[in-house]
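A short write-up of the structure that comes next.
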Amino acid sequence: MHLYLAPAVAFGLALLLTPFMKRLAAAVGAVDHPNARKIHRKATPLLGGAAVFAAFWATAAVVVLIAGGGEQLWGLFWGSSLILLLGLYDDIKGLGYKVKFAGQFAAAFILLFYNIKIEFITLPFQDIVFLGAFMVPLTLVWIVGITNAVNLIDGVDGLATGVSAIAAVVMFALTWGEFPLVPVLALVLAGAALGFLPHNFPPARIFLGDTGSLFLGFMLAGFSIMGVAKQATFTTLIIPVLIFGLPITDTFYAIWRRIRSRRPIFQADKAHIHHRLLDLGFSTRQTVMFLYSGSVYFGVSAIAFDRSSGLVAYFIPIIFIIFLLGLKLKPRPPEGLNTFLGTGERKENIP
């Protein structure tokens with residue numbers, strides 16, 4: 001198998017495995033029921049992430065047999081396996097946020113044990129800064145932060161799946177030619193996510209569940225350290241931040257919003273960016289397509305930032321972040337915008 005056929009293999013495996021996981025989810029009671037906080041109207045199976053996990057690692061095993069791989073891949077495997085078990089239990093039985101965070105930090109420590117860590121950063125207009133004692137906390141915060149950021153945007157059909165695939169493709173573009181294994185595996189992850197997407201695109205017939213959203217976030221965080229954060233040519237910490245621009249923006253806004261209203265930061269609400277777009281009058285499909293476009297924008301910004309210099313590069317992402325944080329709830333988009341973005345389930349049909 002040629003290495004760059006691997007993403008197609010992962011795509012096919014995820015596409016075929018997902019219906020099986022749908023039946024299994026129904027059998028074990030891993031079903032997401034509608035409530036006042038959620039936007040779907042009928043009970044929907046979870047555990048779609050297990051199909052993505054299996055498709056990725058089955059394909060990755062073949063890639064490693066062909067191209068070889070270091071011990072860091074074992075760290076990714078054991079860490080993501082712990083994340084998978086954590087997500088499975090949460091989707092079937094339910095877990096409190098304290099247990100979830102403990103499990104995520106344990107998985108992050110596994111990566112550290114296998115030498116997957118942020119050893120240095122390059123701040124704007126400065127030389128490389130080696131982190132020393134700060135290496136461990138920054139690595140842990142990055143891994144757990146990105147893992148949860150992807151989990152938080154998993155509130156609309158297909159959003160976390162598509163955004164993760166876009167981020168993985170951007171990582172491929174930024175690491176291709178530098179690290180032979182990381183770009184291939186990033187594409188394999190994108191292929192597995194895209195193979196699941198036909199089952200998850202609005203109206204979704206199965207959800208990623210925490211099983212999938214935590215797995216995708218964890219893998220993307222690991223790849224960003226193994227690839228993007230390891231290259232001195234990626235001159236600032238801003239590059240990996242830009243790749244995850246959409247989930248990071250949404251996460252920071254959610255924390256700030258809850259602190260401002262004096263609510264626990266782990267208390268869920270319906271004020272994420274995708275909820276705001278729905279309240280603007282976008283349909284579910286329009287919301288997803290708009291945020292896909294935003295993810296592509298951030299990804300292109302990361303690539304442009306890597307290839308350019310000067311202050312202009314900083315304004316590319318800042319403009320869009322200001323727009324996202326400035327969304328209001330009252331206006332509705334003109335009908336012309338609805339026509340351009342396509343049809344889909346209207347917001348009025350969502351409780």
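FYI, it's all coordinate maths here, none of it is from the lab. Here the structure is a predicted model, which means the values were calculated and not measured. Glycine also receives a Cβ, built like all others from the backbone with ideal geometry; neighbour counts cover every protein chain displayed.
Counting other beta carbons within 10 Å of each residue's own, what order do Arg285, Arg260, Arg205 fall into, fewest first? Mind showing how you got there, number by number?
Values: Arg285 20, Arg260 8, Arg205 15.
By the 10 Å Cβ count, ascending: Arg260, Arg205, Arg285.
If the limit is 26 Å between Cα atoms, which of Lys22/Lys42; Lys22/Lys93; Lys22/Lys117 go over it?
Lys22/Lys117
Which length gain, in nm to one decimal place, applies between Ala58 and His33 when the Cα-Cα distance is subtracted from 0.36 nm times their residue separation? Don't skip to the answer; put the middle values down first.
Numbers: separation 25, 0.36 × 25 = 9.00 nm, distance 3.09 nm.
Roughly 5.9 nm would be gained on extension.
Any idea how far the Cα center of segment 26-105 sits from the one of segment 160-230, in Å?
Cα centroid to Cα centroid, the span is 13 Å.
Evaluate the distance, in nm, between pseudo-label points positioned 7 Å from the Cα of Arg263 and of Phe101 along their respective Cα→Cβ axes.
1.8
Between Lys42 and Phe252, take the C-beta separation as r, use R0 = 30 Å, and let me know the FRET efficiency to the nearest 0.05. Before the final figure, lay out the partial values.
Details: r = 32 Å, r/R0 = 1.08.
Here the calculated transfer efficiency is 0.40.
What does the extension gain come out to for Ala173 and Asn115, with contour length at 0.36 nm per residue minus their alpha carbon separation?
Between Ala173 and Asn115, full extension yields 18.5 nm more.
In what sequence do Ser81, Ser283, Ser224 fall when counting other Cβ within 10 Å, fewest first?
Ser81, Ser283, Ser224
Give the residue list of chymotrypsin sites (Phe, Trp or Tyr not before Pro) in segment 70-143 that are DSSP loop and have at most 14 other beta-carbon atoms within 10 angstrom.
Phe125
With r defined as the distance between the Cβ atoms of Phe130 and Leu65 and R0 fixed at 41 Å, what FRET efficiency is calculated, to the nearest 0.05?
0.70
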